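The values are calculated or read from the model by the stated rules, or taken from the named source; none is laboratory data. Everything numeric here is computed off the predicted structure, so don't read it as measured data. In this analysis, Cβ positions are derived from the backbone assuming ideal geometry, glycine residues included, and neighbour counts consider all displayed protein chains. All accessible areas refer to the heavy atoms of the entire protein, side chains included, with ligands and DNA or RNA removed. Shrake-Rupley method; radii C 1.70, N 1.55, O 1.52, S 1.80 Å.
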Amino acid sequence: MSERVIGIDLGTTNSCVAIVENGTPVVIPNRGGYKTTPSMVAIAENGKRLVGHIAKRQAITNAEHTVYAAKRLIGRKWNSPPVRQAMESVGYQISEGPHDDVRIVLRNQTYSIPEISAYVLQEMKLIAEEHLGGTVDKAVVTVPAYFNDGQRQATKDAGRIAGLDVIRIINEPTAAALAYGFGKNIERKVAVFDLGGGTFDISILEIGNGVFEVISTAGDTFLGGEDFDKRIIDWLVFGFAKEHKIDLRRDKMALQRLKDVAEKAKCELSSAKEAEINLPFIISQGGEALHLQRTLTRDKLEELTADLIERCVNICRKTLAEADIEKAGIEDVILVGGMTRMPKIQQSVAQFFGMEPCKGVHPDEVVALGASIQGSALTETDSEMLLLDVTPHSLGIMIVGGYFHRLIIQNTTVPTQASHIFTTVKDNQTSVKILVLQGESDRAEENELLGEFILTGLRRAPKSEVEVEVTFEISADGIVSVSAKDMETGLKQAITVTATSGLTEDEIRRMVEESKDYLLDQKASEEFEKYKQNAEKLIDEIESLFPRVEAAIAGSDFGQDAVKKARSVIDRARQGIQGRDQQAVGDSNEALTRTLNMFKGVVAKTRVG
Ligand code: AMP
């Protein structure tokens with residue numbers, strides 16, 4: 001059982017878990033029977049951690065301590081412009097340094113984003129374990145194809161913190177294509193258009209004889225359903241400000257309510273032409289309660305979001321052009337992600353590709369299903385499936401003049417490796433600083449810095465004489481490692497770019513331990529609750545029988561003793577409950593059951609008598 005591998009789609013808005021059972025990939029429903037679980041984490045007033053639907057249900061009243069769309073922040077720096085922009089419309093607070101990565105403050109405690117994502121992953125793990133009736137410790141987790149190294153590394157860290165061995169990270173559109181092609185004997189070139197809650201990806205794949213080869217991939221990790229919601233929120237806020245001169249954004253609870261209705265209206269408009277937005281008592285002014293009421297039409301929504309849809313189409317156009325792929329050569333278009341339910345998006349995709357998108361896949365489930373297929377293929381010895389993915393970004397180092405020298409270009413199939421020999425640029429130069437970057441700009445500073453290291457101990461010599469070989473490797477997860485070798489001494493100064501998630505190894509270890517403790521704690525408390533509920537039920541039943549038992553035994557010495565004993569059993573149980581003493585409550589359950597049976601016996605006897 002523990003060898004079972006689950007596939008997890010860790011989404012911006014919702015997450016989904018699947019497994020291959022008897023050769024068929026299936027989505028595992030959560031306790032409520034839903035196939036997807038909100039990727040939301042909250043800390044309640046009593047300090048309890050809430051994940052999924054339960055976190056979503058309390059989001060309005062606990063907006064400051066409820067995190068949603070954490071995926072938009074994973075592996076990012078807190079002071080980067082996209083993060084700043086994303087934070088404008090959320091109720092929770094981010095901590096500004098001393099760390100580079102984004103950290104969130106909930107009830108005075110600081111959490112890293114991999115920790116928040118880990119809670120969601122842990123929930124998905126639990127859903128699978130409850131369904132399968134055993135532990136699951138291996139997973140394939142999906143990420144947007146356009147995630148960079150830092151974001152992938154941070155997702156892997158989240159898996160570790162959740163107690164999962166993430167055996168592979170795969171790209172969401174690739175996973176979708178796996179599910180689409182699974183079990184079909186097809187040879188086809190397909191496009192996967194994936195617009196989820198936070199990110200957009202487009203991938204072109206060749207499928208044939210069990211081989212899934214990605215030819216090209218592109219995207220935008222800050223373009224998704226959240227942006228559509230934000231347009232509706234802005235429209236509502238603007239309208240309200242015009243009428244009442246009040247900025248609703250200042251009120252965290254109002255903002256969360258706006259977010260809720262905006263998303264709801266957006267989803268409704270995928271099937272209806274108009275959506276009523278009604279928020280009574282949204283805010284008060286001078287003691288008077290104000291209400292918000294508007295009608296949003298589908299046309300208006302399309303107008304408000306036209307540029308976002310255009311951005312998606314432009315990325316498709318660009319990726320086809322860069323990869324030299326003719327639109328006519330694409331035989332099917334697969335839609336993935338909840339946002340692709342919007343009719344205007346479907347129309348724009350159909351118009352761009354010149355064909356109706358494929359209807360046979362479920363946009364919310366297909367990614368998790370694909371991840372589970374890959375998980376099972378990786379653990380089966382006789383799997384005939386081969387997945388060839390690509391790196392979405394070019395990889396290189398900074399060279400003299402601040403230029404970016406590419407060693408691996410984007411859309412190269414992974415895993416891959418590339419080496420290049422560089423020389424010193426100054427006389428008597430004894431060390432080199434190597435800046436590792438990912439991106440497409442020729443200017444190094446415009447690309448994402450993955451890490452840096454210094455190679456020292458080079459021989460003093462005239463410039464250009466000493467040679468250093470730099471080797472880059474990208475694993476099948478898309479994760480990068482780099483090394484540099486002094487060609488004269490052969491000394492490889494063991495250097496690997498790590499910890500790009502922003503967390504140090506020590507921090508991750510501590511979080512892994514803490515999350516284990518938490519699980520143990522949770523389990524213990526669940527057990528206690530069970531004993532407590534049982535004890536309370538027994539006490540109620542016994543107490544309801546007291547008058548009849550007392551009447552039945554009036555005058556008998558034996559009877560008085562039994563009643564006294566019953567009262568002391570109840571007292572002990574109540575003390576145990578109050579002191580949260582699991583052992584004591586467990587023991588009293590037995591004594592209470594004996595007492596109840598005895599009472600029932602007395603009552604039955606008097607009835608017969
Ligand atoms: P995903 O990340 O794939 O779970 O996609 C979630 C995004 O899809 C969220 O922004 C949702 O609001 C959006 N979404 C879900 N259902 C619909 C719908 N019926 N119409 C429009 N958008 C939707």
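For this structure, a couple of remarks:
- In the stretch 538-563, the residue that is modelled with the lowest pLDDT out of those that are surrounded by fewer than 13 Cβ atoms within 10 Å (Cβ to Cβ) and over 13 Å from Met598 (Cα atoms) is Asp557.
- Within the stretch 93-111, not a single residue is under 25 Å from Pro363 (Cα atoms) and open to solvent by 10 Å² or more (accessible area, probe 1.4 Å).
- Filter result for the condition that a residue is touching a strand residue (DSSP E or B) at 6+ places or on another chain (Cβ under 8 Å) and not β-branched (Val, Ile, Thr), over Glu129, Glu123: Glu123
- The number of residues in the stretch 525-560 that are polar (S, T, N, Q) and on the phi > 0 side of the Ramachandran plot comes to 0.
- Residue that is farthest from the ligand (Cβ to nearest atom), among those in the stretch 370-383 that are hydrophobic (A, V, I, L, M, F, W, C) and in contact with a helix residue (DSSP H, G or I) (Cβ under 8 Å, 6 or more places away or on another chain): Ile373
- Options Thr36, Thr66, Thr61, Thr13: the member that is hydroxyl-bearing (Ser, Thr, Tyr), over 30 Å from Gly219 (Cα atoms) and out of contact with any Lys or Arg (no Cβ under 7 Å at 6 or more places or on another chain): Thr61
- Top-ranked residue of the stretch 354-369 - restricted to ones that are closer than 18 Å to Phe200 by Cβ and part of a helix (DSSP H, G or I), ranked as farthest from the ligand (Cβ to nearest atom): Val366
- Candidate set: the stretch 213-222, residues that are closer than 16 Å to Arg188 by Cα and hydrophobic (A, V, I, L, M, F, W, C); chosen: the one least open to solvent (accessible area, probe 1.4 Å): Val214
- Of all residues in the stretch 579-605, those satisfying the criterion of being in a helix (DSSP H, G or I), surrounded by fewer than 13 Cβ atoms within 10 Å (Cβ to Cβ) and modelled with pLDDT under 85 are Gln583, Gly601, Ala604, Lys605.
- Test for Gly370: is it modelled with pLDDT of 85 or more, open to solvent by less than 30 Å² (accessible area, probe 1.4 Å) and small (Gly, Ala, Ser): yes
- Among the residues making up the stretch 298-322, those that are open to solvent by less than 80 Å² (accessible area, probe 1.4 Å) and over 30 Å from Val190 (Cβ atoms) are Lys300, Leu304.
- Subset of the stretch 255-273 that is open to solvent by 40 Å² or more (accessible area, probe 1.4 Å) and out of contact with any helix residue (DSSP H, G or I) (no Cβ under 7 Å at 6 or more places or on another chain) - its residue that is nearest to the ligand (Cβ to nearest atom): Cys267
Quick grid of which residues meet (1) without any contact (Cβ under 8 Å) to a residue 12 or more places away in the chain; (2) away from the ligand (no atom under 16 Å from the Cβ); (3) more than 14 Å from Asp389 (Cα to Cα); (4) open to solvent by less than 10 Å² (accessible area, probe 1.4 Å):
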| position | (1), (2), (3), (4) |
| --- | --- |
| Ile202 | no, no, no, yes |
| Leu205 | no, yes, no, yes |
| Val211 | no, yes, no, no |
| Glu226 | no, no, yes, no |
| Ile233 | no, no, yes, yes |
| Ala241 | yes, yes, yes, no |
| Lys252 | no, yes, yes, no |
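- Condition met for Leu279 (in a strand (DSSP E or B) and within 16 Å of the ligand (Cβ to nearest atom)): no
- Listed here are the strands (runs of 3 or more DSSP E) enclosed by the stretch 1-40 that have at least 3 residues being buried (at least 24 other Cβ atoms within 10 Å of the Cβ) and within 15 Å of the ligand (Cβ to nearest atom): 5-10, 14-21.
- Filter result for Glu288 (open to solvent by 40 Å² or more (accessible area, probe 1.4 Å), without any contact (Cβ under 8 Å) to a residue 24 or more places away in the chain and either within 14 Å of the ligand (Cβ to nearest atom) or not charged (D, E, K, R) (or both)): no
- Checklist (1) of a type in the set (Ser, Thr, Tyr); (2) surrounded by 21 or more Cβ atoms within 10 Å (Cβ to Cβ); (3) free of Cβ contacts under 8 Å to residues at least 24 places away in the same chain applied to Thr295, failing item: (2)
- Among the residues of this structure, Leu126 counts as one that is in a helix (DSSP H, G or I), without any contact (Cβ under 8 Å) to a residue 60 or more places away in the chain and either of a type in the set (A, V, I, L, M, F, W, C) or closer than 16 Å to Arg49 by Cβ (or both).
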